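What follows is a short report on a single structure.
The values are calculated or read from the model by the stated rules, or taken from the named source; none is laboratory data. On a predicted model such as this, the values are computed, not experimentally measured, just so you know. Neighbour counts run over all protein chains shown; Cβ positions are idealised from the backbone, glycine included.
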Amino acid sequence: MAAPDTGRAARPLALVTGAGRTSGIAASVVVALAGNGWEVAFTAWNAYDERMPWGGDPATAGSLARRAEALGSRALAVEADLSDPDTPTRIFDTVEHGLGRVTALVMCHCESVDSDILTTTVDSFDRHFAVNARATWLLIREYARRFDGPHGTGRILSLTSDHTVGNLPYGASKGALDRITLAAARELAHLGVTANVINPGPTDTGWMSREMQAGVIRATPLARLGQPRDCANLVAFLCSPEGGWINGQLLLSNGGFAP
């Protein structure tokens with residue numbers, strides 16, 4: 001973490017969840033916000049990445065923090081198991097102690113293990129809802145309890161997906177995430193906080209086979225794959241003062257992808 005710089009103007013602070021991979025959307029969000037004048041705290045959970053095909057990389061957090069710091073931001077990485085209901089409170093305690101009060105909460109974390117209606121286990125179903133839905137609610141609740149910024153400056157953003165076939169617990173829990181986040185646009189109106197959901201569509205973060213990539217390109221009018229920076233650019237805009245009138249929306253940022 002960079003040392004505090006008491007001689008510079010205060011910068012708003014964003015908390016970004018799920019930044020465990022340098023190729024992921026969350027990492028691009030961290031870099032984009034750092035480059036747009038934000039301090040950044042971010043979470044990762046290496047144990048999740050270790051059981052996924054791409055594997056874990058404990059060095060990611062440190063390298064991402066250094067990238068943010070090179071852009072003039074203070075940065076703080078927090079290892080966080082969001083399947084634990086006590087984790088959101090601990091995250092906010094750690095971030096407030098290290099950097100200060102959170103202005104923008106950007107939730108990019110997920111549990112995503114492919115299975116369908118017939119093969120999904122109860123344990124997997126429950127874990128997906130614990131991470132993708134319950135943790136989203138608890139993070140938003142913790143944010144709302146602590147937010148004390150000027151009216152109109154607060155931001156809540158969640159990343160979602162409409163992929164459900166063959167990916168039942170992921171898609172179903174992301175649907176719950178949508179409803180929870182959009183409810184915040186109304187329920188937290190007294191705080192002057194906006195809440196929006198972004199569906200980035202298929203994004204090239206290393207999980208697609210060549211066959212899948214070709215299919216996505218064919219289904220996208222712009223004839224290219226979505227990149228993490230595409231979603232990060234929209235996040236940066238929505239977190240800016242210029243994005244403050246967009247509220248309670250589920251936004252597609254997918255280049256016109258239509259499967």
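Side notes on the structure shown:
- Complete set of residues in the range 43-89 that are modelled with pLDDT of 95 or more, of a type in the set (D, E, K, R) and not in a helix (DSSP H, G or I): R74, E79, D81, D84, D86
- Figure legend. Inter-residue proximity from the range 57-73: first residues without any contact (Cβ under 8 Å) to a residue 60 or more places away in the chain, second residues surrounded by 12 or more Cβ atoms within 10 Å (Cβ to Cβ) and part of a helix (DSSP H, G or I), beta-carbon distance below 6 Å, spacing 6+ or different chains. Indicated pairs: P58/N46; L64/A27; L64/V30; R67/V31; A68/V30; A68/A34; L71/A34; L71/G35.
- Residue within the range 136-145 that is β-branched (V, I, T) and touching a His at 6+ places or on another chain (Cβ under 9 Å) present: yes
- Residue that is surrounded by the most Cβ atoms within 10 Å (Cβ to Cβ) [pool: residues in the range 44-86 that are under 23 Å from A135 (Cα atoms) and among the polar types (S, T, N, Q)]: T60
- Lone unmet requirement of (1) closer than 24 Å to L33 by Cα; (2) at pLDDT below 95 for F92: (2)
- When the range 143-173 is limited to residues that are of a type in the set (S, T, Y) and part of a loop (DSSP other than H, G, I, E, B), the one that is farthest from T203 (Cα to Cα) turns out to be T153.
- Yes/no for D178 being surrounded by 15 or more Cβ atoms within 10 Å (Cβ to Cβ), assigned to a helix (DSSP H, G or I), without any contact (Cβ under 8 Å) to a residue 60 or more places away in the chain and charged (D, E, K, R): no
- Tally of residues being touching a helix residue (DSSP H, G or I) at 6+ places or on another chain (Cβ under 7 Å), over 20 Å from T160 (Cα atoms) and part of a loop (DSSP other than H, G, I, E, B) across the range 91-116: 2
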